[in-house]
1. State yes or no: is B:S289 away from ligand 1 (no atom under 16 Å from the Cβ), within 14 Å of chain A (Cβ to nearest Cβ) and of a type in the set (S, T, N, Q)?
2. I want to confirm something. Restricting to the range B:105-141 and keeping residues that are basic (K, R) and not in a loop (DSSP other than H, G, I, E, B), which single residue is farthest from ligand 2 (Cβ to nearest atom)?
3. Can you find a residue in the range A:86-104 that is more than 8 Å from every other protein chain (Cβ to nearest Cβ) and modelled with pLDDT of 95 or more?
4. List the residue pairs whose Cβ atoms are under 9 Å apart, where the first residue sits in the range B:127-154 and is farther than 17 Å from B:G193 by Cβ, the second is within 16 Å of ligand 2 (Cβ to nearest atom) and among the hydroxyl-bearing types (S, T, Y), and the two are 6 or more positions apart or on different chains.
5. If you go through the range B:126-151, how many residues are under 21 Å from B:V75 (Cα atoms) and within 9 Å of ligand 1 (Cβ to nearest atom)?
6. What do you reckon, is B:P27 crowded, with 18+ Cβ neighbours inside 10 Å and within 14 Å of another protein chain (Cβ to nearest Cβ)?
7. Residues of the range B:72-95 being within 17 Å of the chain's Cα centre (by Cα) and either away from ligand 1 (no atom under 14 Å from the Cβ) or over 19 Å from B:P123 (Cα atoms) (or both), which ones?
8. With respect to B:S299, is the statement that it is away from chain A (no Cβ under 14 Å), within 13 Å of ligand 2 (Cβ to nearest atom), of a type in the set (S, T, Y) and over 30 Å from B:E188 (Cβ atoms) true?
Amino acid sequence: MTLQGWVPEIGEFLTLAEVIDLAFDYRGNTTVVRVDGTEIEGYVFNRNRDAPEPFIQIFDVAGNGPIRIPCSEIRNIRFTGRDMAAGNSWQAWLERREREKAEKAGPA
Amino acid sequence: MSVPLSQMWTVAAYVLKQKLSGRKRYPLVLMLEPLFRCNLTCAGCGKIQYPAQILKKHLTLEQCLKAVDECGAPVVSIPGGEPLMYPQIGELVDALVKRRKYVYLCTNALLLKEKLEQGVLRPSRYVSLSIHMDGLREDHDEAVCRDGVYDRAVEAIKEALRRGFRVTTNTTLFDGASPLRMRAFFDEMMGLGVEGMMLSPGYSYSKAPDQEHFLRRGRTHDLFSKMLSNARKHWKFNQSPLFLQFLMGKRDYECTPWGNPTFNLFGWQRPCYLLQEGFAESFQELMESTRWERYGRKSGNEKCQDCMVHCGYEATAVDDTFSSWKGFRDTLVASITGRL
Ligand code: SF4
Ligand code: SF4
């Protein structure tokens, strides 16, 4: 299960705070849409709800940062980048290794 | 146990000083992650899954040393990523030695031989090369998802020992590990001449791709009891014997997440090396503003229930050694007799 490609619809059933939490947990770039309509693409590495003015922090796609964005300035976050935690399971590696071994051994 | 006396003494003096000054929470080992980049992609690792711009970045030497000074812990562990890919690794280690910090450089050893030949690192009683070894050849190569890594690491260990380095191994155990094979692995590592071995059960990183093989508490007790009961005389462990007894189910401890604070590109990680629940900008902020009561087994936090990792519990074991005569006596007895 990955959120890659997801465009959240914030409303009655999904709050911005929940989307921020999901973006913080997401191991890929996202696009943060500000209230004024401007966008910034990057990796959300921090969020602080307990601060007097709650905020998120990101490194943008060029690696600049940390950039702090107050939560009050965020309208939405789209999950636009590749999910780096998806796939690559151990099982997949074992299967690939078995396949490679069989190929090396040649036809029986 | 194999921790050198000078190191034991430094840690003991530090802990006693903290206790005498009435400091309730103190760091023991700084986990300094200068970068997340690695030349392996182990399935059990939750440290490397980042977008390219993050993997390309690394801390500056100044940021690393500022963190070391802010934290003040007597021991600095440098995991990663792969620290030998950090361009200033030699300067960083030298600067830590100058500060008389005991350094564990945690490496998968793929680049070690080359770096030793280039003279990037210098042997010192303060520096231990801590080689990631998850078991015998087949088990290790399986854990790191690449064939041939074990042999390269063994070659590098021999070269490091030949050059007079302190060498230890660090091993993460996952579900399905065979106690018998692990015992054979301990024999093999001691046969190579390493100073000691470090063990920890697999971390339940929520972001690690391989979730099925993490150890739950009952299985951890079972595995470590079978592995470490009747420990052979020549096995040396470079960690607290009380922590190993905890893994065997002989002791019950609560986590000390502030014992091994973690600093990386994102700042000071809350609350521990394992969980990433946010970052503080300074060590003081980390210590003062983290809601510590939300973590550890007693807190009821679901993420902490099966966790028995060294970065949460070894500091508890060390604290126990210096908190009571019983803890001190038990540590001494286990250290002298080698019985766990
Ligand atoms: S060698 Fe270490 S840092 Fe690199 S992928 Fe494996 S566990 Fe992760
Ligand atoms: S028990 Fe401690 S070390 Fe383990 S996840 Fe919880 S806070 Fe982190």
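The values are calculated or read from the model by the stated rules, or taken from the named source; none is laboratory data. On a predicted model such as this, the values are computed, not experimentally measured, just so you know. All Cβ positions, glycine included, derive from the backbone under ideal geometry; neighbour counts span all protein chains shown.
1. So B:S289 fits the description; yes.
2. It comes out as B:K113.
3. Taking every residue of the range A:86-104 in turn, none turns out to be more than 8 Å from every other protein chain (Cβ to nearest Cβ) and modelled with pLDDT of 95 or more.
4. Hits for this filter: B:H132/B:T172; B:D134/B:T172; B:A143/B:T172.
5. 1
6. Considered against the rule, which asks whether it is crowded, with 18+ Cβ neighbours inside 10 Å and within 14 Å of another protein chain (Cβ to nearest Cβ), B:P27 comes out as no.
7. Selection gives B:A73, B:P74, B:V75, B:V76, B:G80, B:G81, B:E82, B:V93.
8. Answer is yes for this residue.
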